[in-house]
Structures are given as structure tokens and as C-alpha cells.
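Heads up: the structure comes next, in C-alpha cells.
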Amino acid sequence: MPDEPTMWELKRVVESGHRELSADITQLNDRLSMYVLKEVYEAHRASDQQRIGRLEAQVVDLREQIRRAVWTAVSSFLSPIVVGVVLALILRGG
């Protein structure tokens, strides 16, 4: 009967298997803690989409404000020049 394992060998094999199984379960729990429920993911995604939409609308508004400010600055600079040229022509040639 030399082929049959002793009780000590069986105990050692069972303990070894238990340690490996415990390590695998711990590793699996660590991986599972990284995942979220689909509902939570979709809620975060919807929130992000709304935020992106608001930011895009703000960018459009800011671009329009900048365009108006540039035209105001250009017209503020050119208006006195045009008025001066017109007055010069009227007073000199008038």
C-alpha cells in the first residue's frame, strides 16, 4: 500500500488547496470591486452628457459675445475716423 497517501499528506494537500482557493477568492473580490452596476454607469453617462451639452451651449454663447465685442471694438475705432473724414470733406470742400 505504498501508493496510498498518508493522513499527513492529505492534510497538507487540503490546506494547500484551501490557501489557493482563498487567494483566488480574494483576487476575484478585488476585481469585482472595480466594476459598477449598469444602472450606475448609465446614470453617470447621462449626467456627463448633460454637462457636456451645457458646456457646449456656454461655448456657443461665449463665441457670440466675443464676436459682438470684436465688432463693437472695430466700429468704435473706425467710426471716429469715418466721421473725421466726412467732416473734413464737408468743411474743406463745402
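The values are calculated or read from the model by the stated rules, or taken from the named source; none is laboratory data. Just so we're clear, the structure is a prediction, and the values are computed from it rather than from any experiment. Surface accessibility is based on the protein's heavy atoms, side chains included, excluding ligands, DNA and RNA. Shrake-Rupley method; radii C 1.70, N 1.55, O 1.52, S 1.80 Å.
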### Summary
Rounded to a whole %, the carbon-and-sulfur portion of the accessible area of the chain at a 1.4 Å probe is 64
### Query
How much solvent-accessible surface does Leu32 expose, in Å² to the nearest 10, with a 1.4 Å probe and all protein chains in place?
100
### Message
At 1.4 Å probe radius, can you tell me the per residue accessible area of the chain in Å²?
### Response
97
### Query
Per the helix-only calculation at 222 nm, which mean residue ellipticity applies to the chain, given -39500 (n - 2.57) for every DSSP H run of n ≥ 4 and division by its residues, nearest 500 deg cm²/dmol?
-32500 deg cm²/dmol
### Query
Rg and Dmax of the chain, Cα atoms, in Å?
39.6, 133
### Query
HN-Hα J couplings of the stretch 50-63 from phi, Karplus 6.51/-1.76/1.60, θ = phi - 60°, integer Hz, Gly and Pro as x?
5, 5, 5, x, 5, 5, 5, 5, 5, 5, 4, 4, 5, 4
